[in-house]
1. Only one of LEU185, LEU173 is assigned by TED's automatic domain parsing to the domain that holds ARG132, crowded, with 16+ Cβ neighbours inside 10 Å and more than 14 Å from THR92 (Cβ to Cβ). Can you tell me which?
2. Does GLU68 fit the bill of being over 23 Å from the mean Cα position of the chain (by Cα), at pLDDT below 80 and farther than 30 Å from TRP177 by Cα?
3. Quick check, is ILE168 touching a residue at least 12 places away in the same chain (Cβ under 8 Å), part of a helix (DSSP H, G or I) and under 19 Å from CYS97 (Cα atoms)?
4. Criterion first (at pLDDT 75 or above, surrounded by 22 or more Cβ atoms within 10 Å (Cβ to Cβ), under 30 Å from ARG239 (Cβ atoms) and not charged (D, E, K, R)) does ILE130 satisfy it?
5. Going by what's in this entry, would VAL214 be described as modelled with pLDDT of 80 or more and in contact with a strand residue (DSSP E or B) (Cβ under 7 Å, 6 or more places away or on another chain)?
6. Hey, can you tell me all the residues within region 167-221 that are acidic (Asp, Glu) and farther than 29 Å from TYR232 by Cβ?
7. Report yes if ILE218 is over 30 Å from LEU276 (Cβ atoms), part of a helix (DSSP H, G or I) and among the hydrophobic types (A, V, I, L, M, F, W, C), otherwise no.
8. Does at least one position in region 45-57 carry a residue that is modelled with pLDDT of 75 or more and touching a Phe, Trp or Tyr at 6+ places or on another chain (Cβ under 8 Å)?
Amino acid sequence: MMDTSRLKIRAARISVSTAAGLAAIKLVAGVLTGSLAVLASAVDSLLDILMSGVNYFAIKHAEQPADESHPFGHGKFETAATLIQSTIIALTGAWICFEAVRRLTGEIELARIEGGMIVLLFSVAVSSAISRYLRRTARLTDSSALQADSLHFSMDVYTNLALLLGLILINILKAPWLDPILSMLVGAYIIFEAIKLLRHGMRDMLDEELPESVRAEITRLIESHPDDLIDYHNLRTRRAGSQKIMDFHLTVCRHLTIEQAHDIADALEKRIEDSLPGADVTIHMEPCGSDHCPGHDECEQDKTRLKPRPTA
């Protein structure tokens, strides 16, 4: 099976190629028809090229192993790519809204509307296929950058369908003023989605805790681990691109040897990493603080009583 790094890089390459092809077709159609709606869709596809290119660059760097300058790895490259995407997408939406208002105050001339319809219909089919592919790859690799890219192509599907319907109405009603109004709605939708992306990127950049479902799975793996564990505490989690970084303190019997304690930590780290793709686990081992320790074999505490202590 292809490893996650190769899956992510291949998906990013396909995304760039698809965006370039769609942008070229829409740009030609927009110029020929004079439709701001089609031109807005072309600009959005041009941004797809930029965004997919940023993703490709970010993913290639994010997948590099940790080094002396980046001991925690390069996962934040993906987060940075998400923030860059959301900012540029929002600016594009604002420009489309501005241009739509400007056109409403002037004369609107449209031609060859049927050609624009064909181009938008083709774009819907291609964007839908690439969005599903990127979303599936994002789930397999847990990539926030590919998830953002998938969302962008998914937005293309809905906006192009809306624009296609608008061009049909314009052609039937002979009402060219509908073109900038539709473009304004598209611009507002793009801004709304960009804000959602920005919030997602900021959560990762500010090291927000992993989702509760992931933390619950970490807790379950610790508490069900088949070793002599007394308790755990100070569980901390965060995300860096596809990496799920976590650390916690684990208490074991004070009479265990360093080698025995180390083996327990290694086994638990491997268990978590096998269950949670992209997990980066650090465990701090602590000896039991009981004043009347009867020894390892006679200890009354066992894994069935393992409970987290309050965070210090």
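The values are calculated or read from the model by the stated rules, or taken from the named source; none is laboratory data. Just so you know, these numbers come straight off a predicted model, no measurement behind them. Cβ coordinates were reconstructed from backbone atoms using ideal geometry, including for glycine residues, and neighbour counts include every protein chain displayed.
1. One residue alone meets the criteria, LEU185.
2. Here the answer is yes, as GLU68 does meet what is asked.
3. No: the conditions fail for ILE168.
4. Criteria met by ILE130.
5. So VAL214 passes the test.
6. Correct list: ASP179, GLU193.
7. Judged against the criteria, ILE218 is not a match.
8. no
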